[in-house]
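The values are calculated or read from the model by the stated rules, or taken from the named source; none is laboratory data. The shown structure was predicted, so the numbers you read here are calculated from the model rather than taken from an experiment. Cβ placement follows ideal geometry from the backbone for every residue including glycine, while neighbour counts extend to all protein chains displayed. Side chains are part of the model used for accessible areas, which takes the heavy atoms of the whole protein and leaves out ligands, DNA and RNA. Shrake-Rupley method; radii C 1.70, N 1.55, O 1.52, S 1.80 Å.
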Amino acid sequence: MKYYLLDNPPGADNKFNVGDDIQSLAAKRYLPKIDGWINKGRLSEYKGDTAKIISNGWFIHKPEYWPPSLDLLPLYISFHVNENVKNAMLNSIGVEHLRKYSPIGCRDFSTLNIMKENGIPAWFSGCLTLTLEREKYCTKNAREGIYFVDVLYKMHSQKPDNLFGIVKHKIRKKDKSEVDRIRLIESIFSSSLLDNVQKITHSCAVGDNSREFRLMYADTVLRKYANAQLVVTSRIHCALPCLAFGTPVIFIDGGLNDKSERCRLDGLTDWFNTISITDNGEFSNNFDINFPISPNTPIQNKELHIEYANKLIEKCESFINNR
């Protein structure tokens, strides 16, 4: 039997999302070997020996390449179908394909409901990144480093001097809405915390976007998360690995108002220590905390994800071992 991994090459803008490659690394641990990589956006084009593939992640930006090749034996787990493409994917052929490989492990409640609406047996799995192993990325027992990872990236411009990129600097010539957001963040986090934040982004546009570089970058950021004292993020594929690593994490939910964005979060944000921010600058939290949050504020993850992580491990190991 051959074993393939999903590849996530950059789009036409040459940008890549590190979260996609983190999901591939999560699947990698289960394979006895890697015989090759298959472009996740062009699964129908594969022709070759029968191969098993763990099919986790967002499917599919180009539904014309769906369903996958008959030469692939997929395990659909941590599977996300976006609202934008569900009708194109779930024609009669697409539905028949998913029924053949059901039950489908769905990453979010939205995908689970889409499966049920189409008569496809399915279950809520959460994300495979919940099974990442800290010991493979951790260099020492003591935790250090506070990281802001694309905080409110959908609520602000991507200018390099923006507060949410650099996090803490003087308010200079900024419009009122941006000043209001700066003051909001400064009411949630103390100056002593903001002064010591390091920035990481999951949206990369670099000259080298080869698979080797993308996986190396994903490995590098996972090592930071595994060793961090605290991570604050608006990226689910930062927050989910942090849960796996036992790293204290706060998810900032704001600016993700489009239906295609909200559907990705259904069922996942309940697992996080979440601070929700409205467009008019109000915020609420689903965990007990005193504001402003300082470097000494104790943050404890909820650990609601653990039973799902254990089931994900069981399903993947069974899929690979059942020859």
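By average Cβ neighbour count within 10 Å, what is the ranking of 14-21, 231-238, 253-260 from highest down?
Put in order of decreasing packing, that is 231-238, 14-21, 253-260.
Short version: ³J(HN,Hα) in whole Hz for each residue of the stretch 230-236, in order, from phi by Karplus 6.51 cos²θ - 1.76 cosθ + 1.60 (θ = phi - 60°), x for Gly and Pro, what are they?
Values, residue by residue: 7, 10, 10, 7, 10, 10, 5 Hz.
Given Cα pairs under 8 Å that are at least 6 residues apart, what percent is the relative contact order of the stretch 31-86? Numbers along the way, then the final one.
On the way: 79 pairs, mean separation 21.7, N = 56.
Relative contact order for the stretch 31-86 comes out at 39 percent.
Remind me, relative contact order of the stretch 210-308 in percent, using alpha carbon pairs under 8 angstrom and six or more residues apart?
Value for the stretch 210-308: 22 percent.
Using a simple spin-label model with points 7 Å from Cα along the Cα→Cβ vector, what separation in nm is obtained for N285 and S203?
Calculated label separation equals 2.7 nm.
About the Cα centre of the chain, how large is the charge dipole given +1 on each Lys and Arg Cβ and -1 on each Asp and Glu Cβ? Please answer in debye to the nearest 20.
440 debye
Give the relative contact order (percent, whole number) for the stretch 182-248; include only Cα pairs under 8 Å separated by 6+ residues.
Taking the mean separation of contacting Cα pairs over the length of the stretch 182-248, I get 25 percent.
Could you tell me the accessible area of K28 in Å² (1.4 Å probe, neighbours in place), rounded to the nearest ten?
K28 has an accessible surface of roughly 90 Å² with all protein chains in place.
When you have a sec, figure out the Kirkwood radius of the chain from all distinct Cα pair distances and drop it here in Å to one decimal?
About 20.6 Å for the chain.
Any idea which of V232, G105, N209 is furthest toward the positive side of the dipole for the chain, if Lys and Arg beta-carbons carry +1 and Asp and Glu beta-carbons -1?
Highest projection toward the positive end goes to N209.
With a/c under 1.5 counting as rounded, go ahead and sort the stretch 1-100 into rounded, prolate or oblate using the C-alpha gyration tensor (a ≥ b ≥ c being the square roots of the eigenvalues; past the cut-off, prolate if a/b is larger than b/c, else oblate).
oblate
So for K136, K302, what's the accessible-area order with a 1.4 Å probe, most first?
Greatest to least solvent exposure: K136, K302.
Label points 7 Å out from Cα along the Cβ direction at K15 and E135: separation in nm?
3.9 nm
Provide the FRET efficiency to the nearest 0.05 for the K154-S92 pair, computing r from the beta carbons and using R0 = 45 Å.
0.80
Taking the Cα centroid of the stretch 1-50 and of the stretch 71-143, what is the distance between the two, rounded to the nearest whole Å?
15 Å
Going 7 Å from the Cα of H61 toward and past its Cβ, which residues in the stretch 76-100 have a backbone nitrogen under 20 Å from where you end up?
In the stretch 76-100, the label zone of H61 (backbone N under 20 Å from the point 7 Å along Cα→Cβ) covers 79-90.
Given R₀ = 41 Å, FRET efficiency for W37-S294 by Cβ-Cβ distance, to 0.05?
That pair, W37 with S294, gives E of 0.40.
From the square roots a ≥ b ≥ c of the eigenvalues of the alpha-carbon gyration tensor of the stretch 81-143, which class results: rounded (a/c under 1.5), prolate (a/b over b/c), or oblate?
Since a/c reaches 1.5 and a/b is larger than b/c, the shape of the stretch 81-143 is classed as prolate.
Using the Karplus curve 6.51 cos²θ - 1.76 cosθ + 1.60 with θ = phi - 60°, what ³J(HN,Hα) values do you get for each residue of the stretch 253-263, in whole Hz, with x for Gly and Pro?
9, x, x, 8, 9, 5, 4, 5, 7, 4, 5
Amide H neighbours of D253 under 5 Å, at least 5 residues apart or on other chains, H built in the peptide plane: list them.
I275, S276, I277
Please state the shape class of the stretch 11-67: rounded when a/c is under 1.5, otherwise prolate if a/b exceeds b/c and oblate if not, all from the C-alpha gyration tensor.
Oblate is the answer for the stretch 11-67, as a/c is 1.5 or above yet b/c matches or exceeds a/b.
Using a 1.4 Å probe and ignoring any ligands, DNA or RNA, find the accessible area of W271 and quote it in Å² to the nearest 10.
Only protein atoms counted, so the area is about 20 Å².
Count the DSSP beta bridges whose two residues both fall in the chain, then state the antiparallel fraction as a percent rounded to the nearest 5.
Roughly 10 percent of the DSSP beta bridges within the chain come out antiparallel.
Kirkwood Rh, Cα Rg: Rg to Rh for the stretch 47-100?
Working: Rg = 11.0 Å, Rh = 11.7 Å.
Rg/Rh: 0.94.
So how exposed is T269, as accessible area in Å² (1.4 Å probe, rounded to 10)?
20 Å²
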